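Chemist: One structure, pasted below without further comment.
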Amino acid sequence: MRLNVLYRVFFLFLLVCFCNTLFAQSTQKPEWGAKDTIIVSVINYEGELMPYKELEMAYVSNLPPDKLAKALAKYNRLRNAVYVTYPYARTAGATLNDVRAHLEGVTSKSDRKAYIKSREKELKTQFADPLSNLSVYQGKILMKLINRQTGNDCYEIIKEYKGGLSARMYQTVAFFFGSSLKQPYDIQGDETDRQIEAIVKEIDGMWYQNPYRPLTKSN
(Lines give C-alpha, C1' and ligand atoms only; values in the text may rest on other atoms or scores of the structure.)
Protein backbone atom coordinates (compact mmCIF):
# COMPACT_ATOMS: atom_id res chain seq x y z
CA MET A 1 0.00 0.00 0.00
CA ARG A 2 2.74 2.38 0.99
CA LEU A 3 4.75 1.45 -2.11
CA ASN A 4 1.74 2.21 -4.35
CA VAL A 5 1.51 5.69 -2.86
CA LEU A 6 5.22 6.26 -3.46
CA TYR A 7 4.88 5.08 -7.09
CA ARG A 8 2.00 7.47 -7.66
CA VAL A 9 3.88 10.40 -6.15
CA PHE A 10 6.95 9.58 -8.25
CA PHE A 11 4.82 9.27 -11.41
CA LEU A 12 3.14 12.65 -10.75
CA PHE A 13 6.57 14.20 -10.17
CA LEU A 14 7.82 12.93 -13.55
CA LEU A 15 4.63 14.14 -15.27
CA VAL A 16 5.02 17.64 -13.80
CA CYS A 17 8.68 17.80 -14.88
CA PHE A 18 7.77 16.67 -18.40
CA CYS A 19 4.98 19.28 -18.70
CA ASN A 20 7.28 22.02 -17.44
CA THR A 21 9.88 21.07 -20.06
CA LEU A 22 7.29 21.20 -22.86
CA PHE A 23 6.01 24.57 -21.65
CA ALA A 24 9.52 26.00 -21.49
CA GLN A 25 10.24 24.80 -25.04
CA SER A 26 6.98 26.21 -26.38
CA THR A 27 7.62 29.68 -24.90
CA GLN A 28 11.16 29.97 -26.24
CA LYS A 29 11.61 32.24 -29.24
CA PRO A 30 12.61 30.27 -32.36
CA GLU A 31 16.11 30.75 -33.63
CA TRP A 32 16.19 31.29 -37.40
CA GLY A 33 19.15 30.14 -39.42
CA ALA A 34 20.70 31.72 -42.50
CA LYS A 35 18.57 29.63 -44.86
CA ASP A 36 15.28 29.85 -42.95
CA THR A 37 14.18 32.96 -44.89
CA ILE A 38 14.11 32.33 -48.64
CA ILE A 39 12.45 33.85 -51.71
CA VAL A 40 9.54 31.73 -52.93
CA SER A 41 7.19 32.08 -55.89
CA VAL A 42 3.56 32.83 -55.05
CA ILE A 43 0.36 33.80 -56.79
CA ASN A 44 -2.21 36.29 -55.57
CA TYR A 45 -5.45 34.31 -55.64
CA GLU A 46 -8.46 36.38 -54.54
CA GLY A 47 -6.31 38.40 -52.17
CA GLU A 48 -4.52 35.39 -50.68
CA LEU A 49 -0.87 34.64 -51.45
CA MET A 50 -0.41 30.98 -52.29
CA PRO A 51 2.79 29.03 -53.10
CA TYR A 52 3.42 28.68 -56.84
CA LYS A 53 5.75 26.39 -58.75
CA GLU A 54 5.92 25.46 -62.42
CA LEU A 55 6.23 21.79 -63.23
CA GLU A 56 8.69 20.55 -65.79
CA MET A 57 7.34 20.14 -69.32
CA ALA A 58 6.13 16.63 -70.11
CA TYR A 59 6.32 15.32 -73.68
CA VAL A 60 4.46 12.36 -75.16
CA SER A 61 5.96 11.04 -78.38
CA ASN A 62 6.54 7.85 -80.34
CA LEU A 63 9.85 9.14 -81.73
CA PRO A 64 13.05 7.24 -80.96
CA PRO A 65 15.19 8.92 -78.25
CA ASP A 66 17.73 10.50 -80.63
CA LYS A 67 15.06 12.07 -82.87
CA LEU A 68 13.03 13.19 -79.84
CA ALA A 69 16.11 14.91 -78.42
CA LYS A 70 16.63 16.81 -81.70
CA ALA A 71 12.95 17.77 -81.89
CA LEU A 72 13.00 19.02 -78.28
CA ALA A 73 16.18 21.03 -78.88
CA LYS A 74 14.59 22.67 -81.93
CA TYR A 75 11.37 23.44 -80.06
CA ASN A 76 13.18 24.80 -76.99
CA ARG A 77 15.24 27.10 -79.21
CA LEU A 78 12.03 28.43 -80.75
CA ARG A 79 10.34 28.77 -77.34
CA ASN A 80 13.29 30.70 -75.95
CA ALA A 81 13.30 33.06 -78.95
CA VAL A 82 9.57 33.74 -78.56
CA TYR A 83 9.96 34.42 -74.83
CA VAL A 84 12.80 36.88 -75.56
CA THR A 85 11.16 38.75 -78.44
CA TYR A 86 7.42 38.69 -77.72
CA PRO A 87 7.50 41.64 -75.24
CA TYR A 88 9.27 43.75 -77.92
CA ALA A 89 6.75 42.65 -80.55
CA ARG A 90 3.82 43.64 -78.31
CA THR A 91 5.25 47.10 -77.69
CA ALA A 92 6.30 47.67 -81.31
CA GLY A 93 2.96 46.36 -82.57
CA ALA A 94 1.02 48.69 -80.26
CA THR A 95 3.10 51.67 -81.42
CA LEU A 96 2.77 50.82 -85.13
CA ASN A 97 -0.96 50.24 -84.83
CA ASP A 98 -1.29 53.58 -83.05
CA VAL A 99 0.70 55.29 -85.81
CA ARG A 100 -1.55 53.75 -88.45
CA ALA A 101 -4.69 54.86 -86.58
CA HIS A 102 -3.33 58.39 -86.15
CA LEU A 103 -2.41 58.76 -89.83
CA GLU A 104 -5.77 57.62 -91.17
CA GLY A 105 -7.11 61.18 -91.19
CA VAL A 106 -3.83 62.93 -92.07
CA THR A 107 -3.48 63.85 -95.76
CA SER A 108 -0.64 66.38 -95.63
CA LYS A 109 2.65 64.74 -96.62
CA SER A 110 4.67 67.07 -94.40
CA ASP A 111 2.46 66.34 -91.38
CA ARG A 112 2.63 62.60 -92.01
CA LYS A 113 6.39 62.74 -92.39
CA ALA A 114 6.85 64.77 -89.18
CA TYR A 115 4.60 62.45 -87.19
CA ILE A 116 6.27 59.29 -88.51
CA LYS A 117 9.69 60.73 -87.69
CA SER A 118 8.65 61.51 -84.10
CA ARG A 119 7.35 57.96 -83.56
CA GLU A 120 10.40 56.46 -85.31
CA LYS A 121 12.58 58.19 -82.73
CA GLU A 122 10.41 56.70 -79.98
CA LEU A 123 10.85 53.18 -81.38
CA LYS A 124 14.62 53.61 -81.74
CA THR A 125 14.85 54.81 -78.13
CA GLN A 126 12.91 51.79 -76.89
CA PHE A 127 14.56 49.10 -78.98
CA ALA A 128 18.01 50.24 -80.19
CA ASP A 129 20.04 48.59 -77.43
CA PRO A 130 17.94 45.46 -76.77
CA LEU A 131 17.48 44.56 -80.43
CA SER A 132 21.18 44.96 -81.20
CA ASN A 133 21.79 41.95 -78.93
CA LEU A 134 19.39 39.64 -80.75
CA SER A 135 20.68 36.80 -82.88
CA VAL A 136 19.65 36.44 -86.53
CA TYR A 137 17.28 33.64 -85.51
CA GLN A 138 15.69 35.74 -82.76
CA GLY A 139 15.35 38.66 -85.18
CA LYS A 140 13.49 36.41 -87.61
CA ILE A 141 11.07 35.35 -84.86
CA LEU A 142 10.61 38.98 -83.83
CA MET A 143 9.60 39.93 -87.38
CA LYS A 144 7.10 37.07 -87.42
CA LEU A 145 5.63 38.29 -84.14
CA ILE A 146 5.42 41.89 -85.40
CA ASN A 147 3.52 40.52 -88.39
CA ARG A 148 1.22 38.76 -85.92
CA GLN A 149 0.64 41.96 -83.94
CA THR A 150 0.11 44.29 -86.92
CA GLY A 151 -1.13 42.09 -89.77
CA ASN A 152 1.75 43.22 -92.04
CA ASP A 153 5.27 41.93 -92.55
CA CYS A 154 8.13 44.29 -91.73
CA TYR A 155 8.87 44.96 -95.41
CA GLU A 156 5.34 46.28 -95.98
CA ILE A 157 5.51 48.35 -92.79
CA ILE A 158 8.76 50.04 -93.85
CA LYS A 159 7.44 50.51 -97.37
CA GLU A 160 4.28 52.17 -96.03
CA TYR A 161 6.02 54.59 -93.68
CA LYS A 162 9.49 55.07 -95.20
CA GLY A 163 8.92 54.38 -98.90
CA GLY A 164 9.76 51.57 -101.31
CA LEU A 165 13.44 52.51 -101.63
CA SER A 166 14.02 52.27 -97.88
CA ALA A 167 12.14 48.98 -97.75
CA ARG A 168 14.32 47.48 -100.49
CA MET A 169 17.47 48.75 -98.77
CA TYR A 170 16.52 47.18 -95.43
CA GLN A 171 15.52 43.98 -97.21
CA THR A 172 18.97 43.82 -98.85
CA VAL A 173 20.66 44.28 -95.47
CA ALA A 174 18.47 41.58 -93.93
CA PHE A 175 19.33 39.24 -96.81
CA PHE A 176 23.07 39.63 -96.18
CA PHE A 177 22.49 38.73 -92.53
CA GLY A 178 20.73 35.54 -93.54
CA SER A 179 17.17 36.70 -92.96
CA SER A 180 14.31 38.52 -94.67
CA LEU A 181 11.96 41.33 -93.71
CA LYS A 182 9.15 39.48 -95.48
CA GLN A 183 8.48 37.04 -92.66
CA PRO A 184 5.01 35.51 -93.07
CA TYR A 185 2.78 34.42 -90.21
CA ASP A 186 0.39 31.65 -91.17
CA ILE A 187 -0.80 29.37 -88.38
CA GLN A 188 -2.94 27.41 -90.82
CA GLY A 189 -0.22 26.44 -93.25
CA ASP A 190 3.04 26.64 -91.29
CA GLU A 191 3.94 24.25 -88.46
CA THR A 192 6.50 26.66 -86.93
CA ASP A 193 3.96 29.49 -86.86
CA ARG A 194 1.47 27.17 -85.13
CA GLN A 195 4.11 26.42 -82.50
CA ILE A 196 4.81 30.16 -82.09
CA GLU A 197 1.08 30.80 -81.62
CA ALA A 198 0.89 28.10 -78.94
CA ILE A 199 3.90 29.59 -77.13
CA VAL A 200 2.41 33.09 -77.33
CA LYS A 201 -0.83 31.81 -75.78
CA GLU A 202 1.26 30.13 -73.08
CA ILE A 203 2.91 33.48 -72.29
CA ASP A 204 -0.38 35.39 -72.41
CA GLY A 205 -2.04 32.87 -70.11
CA MET A 206 0.83 33.06 -67.66
CA TRP A 207 1.44 36.84 -67.66
CA TYR A 208 -0.42 39.31 -69.83
CA GLN A 209 -3.91 37.86 -69.45
CA ASN A 210 -3.49 36.34 -65.99
CA PRO A 211 -4.93 38.35 -63.06
CA TYR A 212 -3.19 35.91 -60.71
CA ARG A 213 0.18 36.05 -62.44
CA PRO A 214 3.17 34.84 -60.39
CA LEU A 215 5.16 37.19 -58.22
CA THR A 216 7.81 36.73 -55.56
CA LYS A 217 7.55 37.38 -51.85
CA SER A 218 9.97 36.96 -48.99
CA ASN A 219 8.66 34.27 -46.69
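The values are calculated or read from the model by the stated rules, or taken from the named source; none is laboratory data. All of these numbers come straight from a predicted model, not from anything done at the bench. FYI the Cβ positions are ideal-geometry reconstructions off the backbone, even for glycines, and counts take in every protein chain you see. Just the protein is used for accessible areas: all its heavy atoms, side chains included, with ligands, DNA and RNA removed. Shrake-Rupley method; radii C 1.70, N 1.55, O 1.52, S 1.80 Å.
Chemist: Return one whole number: the accessible area per residue of region 54-124 in Å², for a 1.4 Å probe.
Modeler: Per-residue accessible area for region 54-124 comes out at 72 Å².
Chemist: Which order, highest average first, do 181-189, 137-145 follow once you tally other Cβ atoms within 10 Å for each residue and take the mean per peptide?
Modeler: 137-145, 181-189
Chemist: Follow-up. Please give the FRET efficiency for A58 paired with N152, using the beta carbon to beta carbon distance and R0 = 35 Å, rounded to the nearest 0.05.
Modeler: With a Förster radius of 35 Å, E is 0.40.
Chemist: Could you list, in their original order, any pairs among K124/K201; K67/K124; K53/K74 whose Cα atoms are separated by more than 31 Å?
Modeler: The answer is K67/K124.
Chemist: Still on this structure, I have one more. To make sure I understand the rule: partners must be aspartates and glutamates, Cα under 15 Å from the Cα of K109, and not fewer than 8 residues away in the same chain. Which ones qualify?
Modeler: Reachable aspartates and glutamates: E160.
Chemist: Beta carbons within 10 angstrom, averaged per residue: use that to sort the peptides 41-52, 91-102, highest first.
Modeler: With the highest mean Cβ count within 10 Å placed first, the list reads 91-102, 41-52.
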